[in-house]
Each structure stands twice: as structure tokens, then as C-alpha cells.
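Some notes on the structure that comes next.
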Amino acid sequence: MTSSSTVIMSCLDILRRLDPAETEKHLENLTNLISNDDISDELYQRVDVPLKVLKDVNADDRKFLACDHNRDGDSHRSPWSNTYFPQLQDGFCPSEHLRQLELHANEVFDIYRELYFGKSTSVSSVYLWDKEANNGANNDGTAGFSGAFLIQNKVDNGSYWNSIHVVDVGRIERGGMCHYKLTTTILISVSPSDSELGMESTRITGYLVRQNDRECKISSHDSSSSIGSQHIVNIGKFIEDVETEMRKEMDSLYIQKTKNVVDMIRKDTMQPTQGKEHTRVLNEAVLAMAMNRKTKLSGK
């Protein structure tokens, strides 16, 4: 009998070879073939799909992002009202103190989102949860926690940018040092408009994953609210640095490399397909062959 780890690795190997824009559909097809709820749940946790936007009717229809990190069954929790849509009884929720920190993080991250991605086309959400070791205790931030910081930026032509930052915050050690582990996934889809040129549409899709670690100083002698604010500042700087570096990497390496390859294989249909130098050499060769043939005929 095939082990669960082998099944998951095989599914991940298949997904790496398929169109990233259709990941959600492919993932659903694979889970239907597996017919094992435990393996399916783990697969959904390990594969990032494009984020979906929902509205919270309990918070003036304010938008929030749906992903696996705020999902319980078929429902998703809103960070604004802390309720599930569709409605779910006894859904998972963070502890009281962590919930207050979650609200503060959403307001701060919303400003970050507007500055970098614009107000009209983007949506952000932050979800925090207690670690299992805390056993649901009223976490004041000193025991550590985990969270997901999400951004979606989508434009009318179907292009989108999804940032999924999953952070693990460690316990504050002696000396006030705290360890942060950040896993960042960026999903991107670009569809340039070719209608004016009479060409078929082109779509570039892909994703990039990076893991980073950082040690930051926390003043543990401050109040619990101050400790939480320090965590948000440290995480915010960490996310900003990593996202900026990944954006530069995608632009200078992957996108530019793709452009160079396309430029090498595409030719402008309005221009000659060969260069002037190649044409000159070809004409000289034909002329030389003609002169050689004329010389042979004259010698007969």
C-alpha cells in the first residue's frame, strides 16, 4: 500500500508540471482521485492557490481574502468581524489577546497594501492563530504564535499578484531575542493586451517560494499590547524586505530572461527575416557560382 507521503510528493510533482493559473482546478481533480480526507487536507495546506475575495456583510461589506489559513470546512473567517462565511458554529478562532493583535495587524497591513499596490485594485488580510503548545491560553505574545499576511492585487485584464506570507513567531528568549521564520509565496499572472496588434493573447504565469529567518529584539518588560506592537513592526519590516527582494529577483531574472528568449525567437513580420550582412554574403555566393559556371562554358 502506498504511503501518504509518497502520494503527496507525487501530487506535488504533478502540480509543478502544470499551468500555475489552473492550480486550483488541478488540485481539486487530484483530491478527487485520492479519496482520502487526511491526505487531501495536507495537500491543500501545502499548495498555494490564487486568493479569493469575499465580503463581510457584518462589517459593511468590507472585503477579505479567503485561503486555507482562515478556512474551517467550507467556510472562511473574516478578520474584521471574526465570523465565518457561510455561517459556521464553533469555528476556529484565535485567543482573545491574539484577536486584538490580529485587528491591529490588519489595520497596519492595510496601509502597507495601499502604499505599495494601490487602494482600488488590491485587498489585504491578516490571520493569526495560537500554536498548539499554547493550548488555547490567552496568548500575550511572549509565548509565540503564527500568522498569515495576504495581499491580492488584480487588474481588469485578468493579471494578478498574490503575496502569501506565513510567519512563525518563536517564544521570547532570555535577552529579549525572538526568532521569526517567514515563508513567502508569490503567485503572478500577467496578460499583456495584444488586441491592438491583432495578435493572440499571451499569458505569463508562475510562482516563487522563499524561506527566511531573522532574529529581532523584543522588550519583554513592556505591557502585552506593546509586545504585540513590536511583533507587528518586526514582521512588517521582515515582509517588506523579503517582498522587495523577490520582486527585484522576478523582474531582473525571470521576466527579463523570458523577454530575452522571446525576442530571440520572434521576428517582426514587417521586416526582412534575414539581416543585410547575411543577404550580401548570399548574393556574393550566387554571383560567384554564376561566374564560375560562365568560365566553364567559355572553356568548352
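Worth a mention:
- Screening 85, 64 for residues that are surrounded by 13 or more Cβ atoms within 10 Å (Cβ to Cβ), modelled with pLDDT of 90 or more and over 26 Å from residue 169 (Cβ atoms) leaves exactly one candidate, 85.
- Residue match in region 103-120 (condition: within 21 Å of residue 44 (Cα to Cα) and within 18 Å of the chain's Cα centre (by Cα)): no
- Test for residue 19: is it touching a residue at least 60 places away in the same chain (Cβ under 8 Å) and exposed (fewer than 14 other Cβ atoms within 10 Å of the Cβ): yes
- Breaking point among (1) in contact with a strand residue (DSSP E or B) (Cβ under 8 Å, 6 or more places away or on another chain); (2) within 30 Å of residue 225 (Cβ to Cβ); (3) touching a residue at least 24 places away in the same chain (Cβ under 8 Å), for residue 88: (3)
Every residue, every condition in (1) part of a helix (DSSP H, G or I); (2) at pLDDT 80 or above; (3) out of contact with any Cys (no Cβ under 8 Å at 6 or more places or on another chain), yes or no:
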residue: 208; (1), (2), (3): no, yes, yes
residue: 226; (1), (2), (3): yes, yes, yes
residue: 249; (1), (2), (3): yes, yes, yes
residue: 263; (1), (2), (3): yes, no, yes
residue: 274; (1), (2), (3): no, no, yes
residue: 277; (1), (2), (3): yes, no, yes
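- Condition check for residue 155: out of contact with any Lys or Arg (no Cβ under 8 Å at 6 or more places or on another chain), surrounded by fewer than 16 Cβ atoms within 10 Å (Cβ to Cβ) and β-branched (Val, Ile, Thr): yes
- Any hit, region 68-89, residues being in contact with a Ser or Thr (Cβ under 8 Å, 6 or more places away or on another chain), among the charged types (D, E, K, R) and closer than 15 Å to residue 126 by Cβ: yes
- Residue 80 fulfils the conditions (1) at pLDDT 95 or above; (2) part of a helix (DSSP H, G or I) except for a single criterion, (2).
Here is a yes/no grid of residues against (1) in contact with a helix residue (DSSP H, G or I) (Cβ under 8 Å, 6 or more places away or on another chain); (2) at pLDDT below 90; (3) over 21 Å from residue 145 (Cβ atoms); (4) buried (at least 16 other Cβ atoms within 10 Å of the Cβ):
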residue: 76; (1), (2), (3), (4): yes, no, no, yes
residue: 89; (1), (2), (3), (4): no, yes, yes, no
residue: 95; (1), (2), (3), (4): yes, no, no, yes
residue: 103; (1), (2), (3), (4): no, no, no, no
residue: 109; (1), (2), (3), (4): yes, no, no, yes
residue: 115; (1), (2), (3), (4): no, no, yes, no
residue: 120; (1), (2), (3), (4): no, yes, yes, no
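- Region 251-266 residues that are open to solvent by less than 100 Å² (accessible area, probe 1.4 Å), paired with ones that are β-branched (Val, Ile, Thr) (beta carbon under 7 Å, 6 or more apart): 258/204
- Test: residue 43 is touching a Cys at 6+ places or on another chain (Cβ under 7 Å), modelled with pLDDT under 90 and in a helix (DSSP H, G or I): yes
The values are calculated or read from the model by the stated rules, or taken from the named source; none is laboratory data. Since the structure is predicted, the reported quantities are computational estimates derived from the model, not experimental observations. When we count neighbours, we look across all protein chains shown, and the Cβ atoms used for this are built from the backbone with ideal geometry, even at glycine. What goes into the accessible areas is simple: the full protein's heavy atoms, side chains included, and nothing from ligands, DNA or RNA. Shrake-Rupley method; radii C 1.70, N 1.55, O 1.52, S 1.80 Å.
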